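Scroll down for the structure; my scribbles are underneath it.
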């Protein structure tokens, strides 16, 4: 009897562990309704403001406790300055990324700013 009890307990434990993994695994996120299957954005269907994530993948939360929202015109519209003006304003650094950060004022979550990652005040090891 003992010889059959141990394999039965192990089998039940493995089935239970498999069931837990099957239930808890996250499904891949679905694309928003304004993003087509080919990855193209239909700006007319996009919300007016979009919450953004930082380099760590977490939502950007401002000092007032609200999530940073970037107007769709800043994300999908034509740039406010030409690439030549941008290069003249900031010396080009290879591999330099820009990150969204909260602006200043009473509603920093509605005043997004693009900051070079090298100057990001929230970067690890900064300050």
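The values are calculated or read from the model by the stated rules, or taken from the named source; none is laboratory data. Just so it is clear, the structure is predicted and the values come from calculations on it, not from any experiment. So basically every Cβ, Gly included, is an ideal-geometry build from the backbone, and we count neighbours across all protein chains shown.
Structure values in brief
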read-out: Test set (1) assigned to a loop (DSSP other than H, G, I, E, B); (2) surrounded by 10 or more Cβ atoms within 10 Å (Cβ to Cβ); (3) at pLDDT 85 or above - residue 63 fails condition number; value: (2)
read-out: Residue 86 being out of contact with any helix residue (DSSP H, G or I) (no Cβ under 8 Å at 6 or more places or on another chain), at pLDDT below 85 and under 25 Å from residue 122 (Cα atoms); value: yes
read-out: Contacts under 6 angstrom Cβ, first residue in the range 88-111 being loosely packed, with under 13 Cβ neighbours inside 10 Å, partner at pLDDT 65 or above and part of a loop (DSSP other than H, G, I, E, B), 6 or more apart; value: 105/111
read-out: Filtered residues of the range 34-48 (kept if without any contact (Cβ under 8 Å) to a residue 24 or more places away in the chain and surrounded by 10 or more Cβ atoms within 10 Å (Cβ to Cβ)); value: 34, 35, 36, 42, 45
read-out: Residues of the range 49-60 that turn out to be in contact with a strand residue (DSSP E or B) (Cβ under 9 Å, 6 or more places away or on another chain) and exposed (fewer than 12 other Cβ atoms within 10 Å of the Cβ), as a count; value: 1
read-out: Residue check, residue 115 in contact with a strand residue (DSSP E or B) (Cβ under 6 Å, 6 or more places away or on another chain) and either part of a loop (DSSP other than H, G, I, E, B) or at pLDDT below 85 (or both); value: yes
